[in-house]
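Notes to accompany the following structure.
The values are calculated or read from the model by the stated rules, or taken from the named source; none is laboratory data. Since we're looking at a predicted model, the values are computed, not measured. For neighbour counting, all protein chains shown are included, and Cβ atoms are generated from backbone atoms with ideal geometry for every residue, glycine included.
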Amino acid sequence: MRPLSARTICQIREDLKFKRCPADISNMSPISSTSPSANLQSAQSSGLAAIATGNQRLNQDAQQIANPDNQNVANPLLDLNQSLLLAQAGANVISASDKMLGGLLDVLA
């Protein structure tokens, strides 16, 4: 069977006419059974995990730099920047999650 082109699909959509029935319009409460806060907690957990990983890498790199036996400090110095970026990304995830929750509360208020 030959796949349909985007043009054919658009033509099919234009040809179809749908009539709305009262059964199609459901009366829902503003808060559905799936809690949006569950996804926000997951986002916050991911952000916290990124911050913790960045902090852990930062500590490892600092130990390697402070080690007098280590002659190669270029790699740990470069990793410091990556650790910083990872921690900042985690903070940005948490900030976006907080803004989303604040917006949701504003809408529901």
**Request:** Just one of (1) surrounded by 13 or more Cβ atoms within 10 Å (Cβ to Cβ); (2) modelled with pLDDT of 90 or more trips up ASN92, so point out which.
**Result:** (1)
**Asked** In the range 84-109, which residues are part of a helix (DSSP H, G or I) and among the small types (Gly, Ala, Ser)?
**Response** ALA87, ALA89, GLY90, ALA91, SER95, ALA96, SER97, GLY102, GLY103
**Request:** Filter the range 44-83 down to residues that are in a helix (DSSP H, G or I), more than 30 Å from MET100 (Cα to Cα) and not polar (S, T, N, Q), then give me how many there are.
**Result:** 10
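This table checks each residue for (1) surrounded by 11 or more Cβ atoms within 10 Å (Cβ to Cβ); (2) at pLDDT below 85; (3) out of contact with any helix residue (DSSP H, G or I) (no Cβ under 6 Å at 6 or more places or on another chain); (4) not aliphatic (A, V, I, L, M).
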{"residue": "THR34", "(1), (2), (3), (4)": "no, yes, yes, yes"}
{"residue": "ILE51", "(1), (2), (3), (4)": "yes, no, no, no"}
{"residue": "ALA62", "(1), (2), (3), (4)": "yes, no, yes, no"}
{"residue": "LEU108", "(1), (2), (3), (4)": "no, yes, yes, no"}
**Message:** Could you tell me how many of the residues in the range 63-109 are in contact with a Leu (Cβ under 8 Å, 6 or more places away or on another chain), without any contact (Cβ under 8 Å) to a residue 60 or more places away in the chain and farther than 15 Å from SER46 by Cα?
**Reply:** 4
